Every structure is written in C-alpha cells, then in structure tokens.
1. When only the heavy atoms of the protein chains count and the probe is 1.4 Å, how do R210, R61 rank by accessible area, highest first?
2. If amide hydrogens are placed 1.01 Å from N in the peptide plane, which non-local residues have theirs closer than 5 Å to the one on Q62?
3. Using θ = phi - 60° and the Karplus form 6.51 cos²θ - 1.76 cosθ + 1.60, what ³J(HN,Hα) does each residue of segment 43-59 get, whole Hz, x for Gly and Pro?
4. Please give the net charge around I40, taking every other residue with its beta carbon less than 13 angstrom from that of I40, where Lys and Arg add +1 and Asp and Glu add -1.
5. Provide Rg and Dmax in Å for the chain, with only Cα atoms included in the calculation.
6. Report ³J(HN,Hα) in whole Hz for each residue of segment 168-185, in order, from the Karplus equation J = 6.51 cos²θ - 1.76 cosθ + 1.60 where θ = phi - 60°; Gly and Pro get x.
7. Relative contact order, percent, of the chain when contacts are C-alpha pairs under 8 Å separated by at least 6 residues?
8. Report, in degrees rounded to the nearest 10, the 0 to 90 angle that the Cα long axis of helix 220-280 makes with the longest principal axis of the chain.
Amino acid sequence: MADIKSTATSVQAKKSGNSISWLAPLLCIIAGYIIWRFFIGSPSNFSGPDGPNGSAFWPDRQGPLGNIPRMYQGGIVVPVLIGCFLTVITFAIERLLTVLKASGSGSNAEFIRKVQYQLANKNVDAALAECDKQKGSVGNVMKAGLRKYKEMISAGELSTEQKVVAIQKEVEEATALELPMLEKNLVFLSTIASIATLLGLFGTVLGMIRSFSKLGDSTGGAAARELSQGISEALYNTALGIGTSALAIVFYNVFTTKIDSITYGIDESGFTLTQSFASLYK
C-alpha cells in the first residue's frame, strides 16, 4: 500500500509540474502584450494624436519618437513575438538551473574514477560517500546502483550473472527517473526555434498588406512615404522572429550538449558498477 501511495504522489507531482510548464508560455504572451501595449505603446513615445482606426485593445498611435516605438506599429503579432522571446528566456533560466543541479559538484569523470578506486578496494561505503558529495544525476544513479551492489555482495543464493543483471536493472530504473527531468521543457525551446521565424514572416505579410492598402488611398509623395514607413514597421516582425528563433536554437543546442554529457556519465557509471562487480565477486 505504501508503494502505491508513493507512485500516485509522484504521478500527481509530475502532472502538476507539466501544468505549470504549459501555463508559463501563456503568461509570457500576456506579459508580451502588456509590454507592447503599455510600455512600447505609451502615448509619451508618440508625437501625434491617435488615429481613427484604433481601439482600447490596440490604439492607433501616430508619430513614433524613435525605433522602439515604431515596433508598436508593427502590428498585433509583435506582442506574440515578445511573448515567445520571454518564453525562451524563462525556460532557458529554468533549464540552466536544472542542468547545473544535475551536473553536481566537480567533474563527472573525476567522480567516476574515485568510485572505481573505492570499488577496487572493496570499499562500497566510501564509494557511497563520494555519491553524496557529487549530488548530481550521475551521483544519484551511481548511488542507486551501489546500494544494489552492496546488497548483491551478500546475496549468496544468486549467481554472479544474476547479481550483475540485478545491478544493471537498478541502474536502468534510476536512469529512467533522471533523464525525463533533464529533457523536460526542451520541447518549448525547439518549438519556438521552429515557429518564431514563421510568426515574424506572418506579421510582416500582414504589415505589407496594410501598407499597400494605405498606398491605394494615397497619391504622390504621400504614397511613397506611407509605403516606406509601412515596410519599415512590417520588418520589425521579421527581425523579432529571427532574433527569437536564433536565441532559442542557441539555448537548445547548449542544453542538449550538456545533457548528452550527463547521459554519457550515467552510462559510464552503470558500466563501471557491472564490470567492477563481475571482476571482483566471481
């Protein structure tokens, strides 16, 4: 009964964590709208009176005073792109903290060498102490394996092969608990890396449609001015989309590289335990 309760609690915590993860992008988009509407779109950033085509949700500001206020006139896709940018920053910080915690203290290679030394001297308790010092994912997996390792030393009714299989299974179960934590939320970075540029192009197309629509209502020099201004405003969407996508790609690659390094350390730790037991306790 205790095991069932523990499993249910774990699943419930996982669902709760996933709900919070999916809520974060929505909050970032809302924050993006607030930044776009009330800070970038502040009346103090514009010299002219509001146009007749605006609304309380999207006032038609005129006469931007600088490049940042011109971003406001890029259209309603701009706050979505700002929200995507904030989402990238949010999950980059979250993944950074998680990966730093999973990396533990010190080098994984040095940690594994210390454990190998202790196991070669048949000092399992000292090896467990090294795991407590490491405090990372590799240390957690190694600790779970070492506990089974210690248990198998005194399991006289099993053959060496059966003991090795038991240790290997324990390592695999511990690994299955660690890896999802490392890879969690990377999907948001990879998704934004793919769609941010498309969102930027979508905003640019909408801006170009609006610009050419105004062009049809103007003549002479005013028409050329309206067109050039509209194109400039529309291209802010492209710039935001490309910049956000590039940042997401960089963060995604950095984190996947670091996670691959941790995963390699986990695999090496499992190999160390099974080979050490097979050679020392035949």
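1. Details: R210 80, R61 20 Å².
Of R210, R61, the descending order of accessible area is R210, R61.
2. G48, G51
3. x, 5, 8, 10, 8, x, x, 5, x, x, 9, x, 8, 5, 6, 9, x
4. After counting each charged neighbour, the total is +2.
5. 28.2, 96
6. Each residue's phi maps through the Karplus curve to give 4, 5, 5, 5, 5, 5, 5, 5, 5, 7, 7, 4, x, 5, 6, 8, 4, 6 Hz.
7. It comes to 23 percent, rounded to a whole number.
8. Computed tilt is about 0 degrees.
The values are calculated or read from the model by the stated rules, or taken from the named source; none is laboratory data. The structure presented is a predicted model; accordingly, all values stated were derived computationally and were not measured. Please note: Cβ atoms are built from the backbone with ideal geometry, for glycine as well, and neighbour counts cover all protein chains shown. Keep in mind that these areas ignore ligands, DNA and RNA; they rest on the heavy atoms of the full protein, side chains included. Shrake-Rupley method; radii C 1.70, N 1.55, O 1.52, S 1.80 Å.
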